[in-house]
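Here is the structure we will look at, set down as structure tokens.
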Amino acid sequence: MIDTAFLLSAIKSKHCAPSDYRVAKMLDLSTTTVSGYRCKGETPSDITLSKISELLKVPPHILYAAIQHERARDPSAKRVWAETYRLIGGDELEKRLTKECFSEEIEKAGA
């Protein structure tokens, strides 16, 4: 399932950003905020998710479902968000982004 770290890495790869500093600038965020996403399990706001959606050229509703799943602490809520994610095409989007953004890394790892 898509999560915050996946989205940050996808932006980094798709836009040839050399660092999280550059990703932060693209999202109009501080580096501390992006570090919180990477290291502390924090998740992006709805406004930031919209920016991520635009940068990756993907439907925002799938990102919203993925991040709600990531935020959920209750197991039943997690199940609901996971099912919603699947029903609206989350698995297909994840495969597409993996292919678009990480195919070189996957090929290098397999070589």
Hey, could you check segment 51-107 for residues that are of a type in the set (F, W, Y) and modelled with pLDDT of 95 or more and say which is farthest from H15 (Cα to Cα)?
W81
The number of residues in segment 22-71 that are in contact (Cβ under 8 Å) with a residue 12 or more places away in the chain and among the hydroxyl-bearing types (S, T, Y) is 5
Any idea which of (1) touching a Ser or Thr at 6+ places or on another chain (Cβ under 6 Å); (2) under 21 Å from T98 (Cβ atoms) is the one R71 doesn't satisfy?
(2)
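The values are calculated or read from the model by the stated rules, or taken from the named source; none is laboratory data. Just so we're clear, the structure is a prediction, and the values are computed from it rather than from any experiment. Neighbour counts run over all protein chains shown; Cβ positions are idealised from the backbone, glycine included.
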